[in-house]
Structures are given as structure tokens and as C-alpha cells.
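Have a look at the structure below, then the notes.
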Amino acid sequence: MPSETLWEIAKAEVEKRGINGSEGDGAEIAEKFVFFIGSKNGGKTTIILRCLDRDEPPKPTLALEYTYGRRAKGHNTPKDIAHFWELGGGTSLLDLISIPITGDTLRTFSLVLVLDLSKPNDLWPTMENLLQATKSHVDKVIMKLGKTNAKAVSEMRQKIWNNMPKDHPQDHELIDPFPVPLVIIGSKYDVFQDFESEKRKVICKTLRFVAHYYGASLMFTSKSEALLLKIRGVINQLAFGIDKSKSICVDQNKPLFITAGLDSFGQIETVFIVKIFEPRTSLSSAGSPPVPENDIGKLHAHSPMELWKKVYEKLFPPKSINTLKDIKDPARDPQYAENEVDEMRIQKDLELEQYKRSSSKSWKQIELDS
């Protein structure tokens, strides 16, 4: 009979603990998954460490990194577990998105998109590429899950719609809720607040539109302890189910803080109507992004999102950069240095080069002899 695998042993141990009540009188342990994506060097690691009360300097994230946090519901009760995943490299490692998002994690999964406000020209392409790639994979997982557990998929969708605005029913026809809970965080507000007023206005309204369109929460943060505490509360709500904040700030001269469902297109001054999708419809008559009315007619868009993209990129044209050129070899990163391993690696590299040279000489000699 084959020996038990590591996973079988672990499963048996968990079941044993449950039977013996060693985890707190058989109370159920909740597990949730929070996935951080966003701008390169945008502050994702700092936010995670702050939420976990870890007083340590953040290190650059390579590829995909994992950590976890635990929190007790009450006295002598088991601790809930929150799994934190973080995607490094900005938009250069989109293929790794599929690793933390599976049929097993999806029902308790949340997404946090961190955008660097100090780099407005990179903001839209970063946001668009990451959200599109994530949504595409989530949709595939949902479709696969629906074949075996249609009830779970239905409950997920209903939960998302429950967060949508109740006071603005007309918005329901225009929004397209993200398939999992989404929080958009604008980082480095301390730099952003020194921007010109008009630039701040466009960035704020654009992010408010995107967040409301996807049924997401939106908030700005910086190194300020007060702002980090507010962000910590939001992340704890995702990770441990703590009651969400009902506070709201839509003043572009202050850090935005808008919980999902508390905004509206009317408040953003962009009341789109269904007719916007019909040909030859005047976009200005349906409301518009912050752009002069005489310029609206020059913009050709098939959806509100596309219209806002054109308006935003007119003021902040995206930079043409190769996202792959910044990828470094993790084996040569000093933060992962191990003397014995590195010395052995150097030795093996030298042996490999010697082998290549000797092989090359052997082939040349065979060619001469023939």
C-alpha cells in the first residue's frame, strides 16, 4: 500500500483537531483571500505590513509573494485566517494572476488594486491591464465553478449586487460590477496633493467613475498614520469580515474615501444614460467627463469606460515602455543572498562553461577528422 502524501497527512491532522475540539469547541475557522496588485513600487507591501502590525522595512516584491494573518473572533475562540498574495512587477507578470485565484479560493476572495498617484501617465494603462487580466481569469474560474456548483456562483453574484447603490437605481443600468469585491487605493497622496487643481480634478473624477462602474471602494493614502489606519480598517474588513466604514469624502482637495455603493454617477457629474450606446447620440446631452463640450464631439467611444479613457489619456498620455525590461533575475538579488549557495552556484557555472568549451572543441575535432 503506498505511503500517505503530505497533503493526506495534513488533512488527517486537521480532521483530528476538529474532532478533539482543540481549536475552540469545534467553532469554524474562516479563511479569506486578499490579492494585492498594482503599480510597481506603489506601496502594496507597506500596506500589507501595516495591516498585519509588522514593524519591518518593506522589501521589493519579486514575482508573487505570500503571507498570512490571524485574528481571533473573541476570547478562547479559534483565529480566522487571512491569506495575503501580492503580485510584483506592475503589469509585467500578468500570467501569475492565475495562481491565487482558483475555484477553492474564489468564494472568499477580494482584490486590492494599488495605483501610484504620483505617476498619472502610468495610472490608466496599469489599472486597465491589471483589471482586464484579473477579470478574464476570474470569469474563467466562475464559469468552471458554475458547472459543478451553480448555487455558489449565484450567491457570489448576489452578494456583489447587494453592495450596489440603493438610492440611485438608474445607475444599475450602467454599472458592471467586478466579479469579486474590489478596493482601489491611490497611494502617495502626499505627492499628488501638490498637483495643479485641474489635474487633481481629472484624476479624482476618473478614479471615482472607474470605482463606481466596477462597484468598488476607492480611497487615497500616503505615509500619514491617520490615512494608513483608515486603509487598515478597509483591508481588515476584507480579510476578517469586520464591519465596513460608512464614512465618505469626495472632496478633491482631501484624500478620497468612498465605500462601495456610496457614490453615484450624478455626484461625479457624469450622468450617462443608455442612449450613449446608440449611434449618432450626442455624448454631451448624456453627461460627460471633465472636458470642454466642444471637444466631446471629437471623441469616438462605444462605452462610458472608453470615453473616460480617451479623456484621461488626452491630459495624461501613457508612456510607451517595455514592462519586461525591468524584470531582474531573483537569483542575483542581494536580499536573497546565501553565501554557501551562491558559492556553489558560481562553481557550477564555471564547470558548465568549461564543459561547453570542451564539448565545442570535441565537435570541431570530429568535423576535422571527418
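What full-extension length gain, to one decimal in nm, is calculated for SER197 and MET305 as 0.36 nm per residue of separation minus the Cα-Cα distance?
36.6 nm
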Checklist outcome for this item: If TYR355, TYR68 are placed from fewest to most neighbouring beta carbons inside 10 Å, the sequence is TYR355, TYR68
Checklist entry - Let a ≥ b ≥ c be the square roots of the eigenvalues of the Cα gyration tensor of segment 202-271; is it rounded (a/c under 1.5), or, if not, prolate (a/b larger than b/c) or oblate? => result oblate
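Distance check, please: which entries in LYS44/LYS147; LYS40/LYS73; LYS32/LYS147; LYS44/LYS205 exceed 32 angstrom between their Cα atoms? If you can, show how the numbers build up before the last one.
Numbers: LYS44/LYS147 35 Å; LYS40/LYS73 35 Å; LYS32/LYS147 23 Å; LYS44/LYS205 23 Å.
Listed pairs above 32 Å: LYS44/LYS147; LYS40/LYS73.
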Checklist entry - Among GLU86, GLU128, GLU353, which comes first, second and so on when ranked by fewest other beta-carbon atoms within 10 Å? => result GLU353, GLU128, GLU86
Next on the checklist: For the pairs LYS59/LYS119; LYS159/LYS223; LYS244/LYS314, flag any whose C-alpha to C-alpha distance is greater than 24 Å.
Outcome noted: LYS159/LYS223; LYS244/LYS314
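In what order do HIS302, HIS212 fall by count of nearby beta-carbon atoms within 10 Å, going from fewest to most? Present the calculation step by step, with values, prior to reporting the outcome.
Values: HIS302 10, HIS212 26.
With the fewest neighbours first, HIS302, HIS212 line up as HIS302, HIS212.
Looking at the calculated P(r) for segment 42-104, what percent of the C-alpha pair distances fall above 19 Å? Numbers along the way, then the final one.
Details: 829 of 1953 pairs.
Within segment 42-104, distances greater than 19 Å cover 42 percent of Cα pairs.
Please give me the summed charge of the neighbours of ILE231: other residues whose Cβ is under 12 Å from its Cβ, Lys and Arg +1, Asp and Glu -1.
On the way: positive: LYS44, ARG50, LYS223, LYS230, ARG232; negative: GLU225.
So the surrounding residues net to +4.
Bear in mind that the values in this text are calculations on the coordinates, not laboratory data. Quick caveat: nothing in here was measured; it's all calculated off a predicted structure. Here Cβ is always computed from backbone atoms with ideal geometry, including for glycine, and neighbour counts include all displayed protein chains.
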